[in-house]
1. Calculate what fraction, in whole %, of the accessible area of the chain sits on carbon and sulfur atoms when a 1.4 Å probe is rolled over the protein chains.
2. Using 7 Å Cα-to-Cβ label points, what is the THR106/GLU306 separation (nm, one decimal)?
3. Tell me, what HN-Hα J-couplings in whole Hz come from the Karplus equation 6.51 cos²θ - 1.76 cosθ + 1.60 at θ = phi - 60° for each residue of segment 101-109, using x for Gly and Pro?
4. Which of the following values of semi-axes √(5λ) of the Cα gyration tensor in Å was calculated from the structure shown: [x] 71, 22, 17; [y] 37, 28, 20; [z] 39, 23, 20?
5. Calculate the radius of gyration of the Cα atoms of segment 113-168 to one decimal place, then report Dmax, the largest Cα-Cα distance, as a whole number, both in Å.
6. Full extension from ASP93 to ALA146: what is 0.36 nm times the residue separation minus their Cα-Cα distance, to one decimal in nm?
7. Can you give the log10 of the normalised intensity I(q)/I(0) at q = 0.14, 0.25 Å⁻¹, computed with Debye over equal Cα scatterers of segment 145-223?
8. So, by mean Cβ neighbours within 10 angstrom, what's the order for 337-350, 395-408 with the highest one leading?
Amino acid sequence: MTAPQHTDTVVVGAGHAGLAVSRLLTRARRDHVVLDRGRVAERWRTERWDSLHLLTPRWMTRLPGWEVDGDPDSFLSAARLVDELERYAASFDAPVVTGVAVTRLTSGPAATYDVHTTVGTWRARSVVLATGPHGRPFVPASVGPAEVDVIHSSRYRNPSRLQAGGVLVVGASASGAQSADELARSGREVVLAVGRHTRMPRRYRGMDLFWWLDATGRLARTIDEVPDPAAARREPSLQVVGRPGTDPVESAVDLAALQARGVRLTGRLRGLAGHTATFGDELATVTADADRRMHRFLDTVDRFVEGAGLAHEVLPPVRPAAVRPARPRPRVDLRAEGIRTVVLATGFRPDTGWVDLPITEPDGSFRQRRGVTDAPGVYVVGQRFQHRRDSGFIDGARHDASALVHHLTVGAMPVESDRRRALTVEERS
């Protein structure tokens, strides 16, 4: 048996969060290694569609010791983000070992941990799990053997890679809405199965959505400030797109905009077998709920504008029109409708079976508080709403990485500054 390699800290994952931790460990002169099954930013290379741009503006692509040049209000493509992360890693000579898949994490001797990989074992006093929130693609149990092509959105690249014919897209969060939009613009007939979703305008009163989320304190809100942390972590991704240009109509991918481009809306997928798809009847309910939650946030923005004296600095409030879906059909014969492909934009589920430590919940997610797990010396970073609402965005990972490395090197979390304004009960939801 080959003896393990020794280091102080092993970071698993060379995406933006893992590199942020590596940069801070380098600054602290801590010996460490970053392991990745592929290359730097592997998921951004191999599990994203060709036209993808970040949802967040360029000014929200900050990492410790790194900011992206260019128009701060523009949106990076996935390919450009890969280039930036490669340059970031090179800027501090990050100790990344690529092509190494971690197969198991176990306790080692004398308060250490063994990170077992396809090329050997590393032994360390601390481990940082920076594998992100995207584990294995989720395929609903209602999806059975079908007589059409069925692919997960992580395998979708562009319309030309699909069979000729119509497409059923399942899921109306960011991935589903953007895929449906691209397919409709390419001339495909598209049906979108809609479940719970988060509707927001790309711009409001002349400013980008994320400017308002930042200015009103939403991005900095912590998990301790929401009434239902579990629900907050399950919140659907925003129904927006990072598209060049500022035309609010052209850049919209909400359900009303998709309808205007010819996309047919139906309820949540209830079953798929053979050439038949069945759907629920909750479309009107879920669209009304999404509109209600959108208007509640825009009310918060309007109050902020008045309170901050910005009314003469921004545009008048013009709100998106309500979604008025047609009566959905409970059953669709895909063959008769000419639908040849089903794209499952149904998200991901945790893939933590390789972690042989008591730090996971029954659903496989990591049990942690501000990145600290129940196993002393084992941390996580890059999870959705890990501590702040922006934890799942590139920009938010820097805050979690900083707190985590502080705890790793000092033994305690930094004290949070009293930077949060008082929030009403309504604003906390």
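The values are calculated or read from the model by the stated rules, or taken from the named source; none is laboratory data. Please read all numbers here as calculations on a predicted model, not as lab measurements. Cβ sites come from the backbone with ideal geometry, for glycine too, and all protein chains shown count toward neighbours. Protein only, heavy atoms only, side chains kept; ligands, DNA and RNA dropped before computing areas. Shrake-Rupley method; radii C 1.70, N 1.55, O 1.52, S 1.80 Å.
1. Numbers: 9830 of 19270 Å².
So the carbon and sulfur contribution to the accessible surface is 51 percent.
2. About 6.4 nm, to one decimal.
3. Using θ = phi - 60°, the values come out as 8, 7, 9, 6, 10, 9, 6, x, x Hz.
4. Checked against the structure: label [y].
5. Expressed in Å, the Cα Rg and Dmax of segment 113-168 come to 19.0, 55.
6. Working: separation 53, 0.36 × 53 = 19.08 nm, distance 4.86 nm.
Going from the current span to full extension adds 14.2 nm.
7. -0.62, -1.19
8. On the way: 337-350: 20.1, 395-408: 22.6.
Averaged packing, sorted descending, gives the order 395-408, 337-350.
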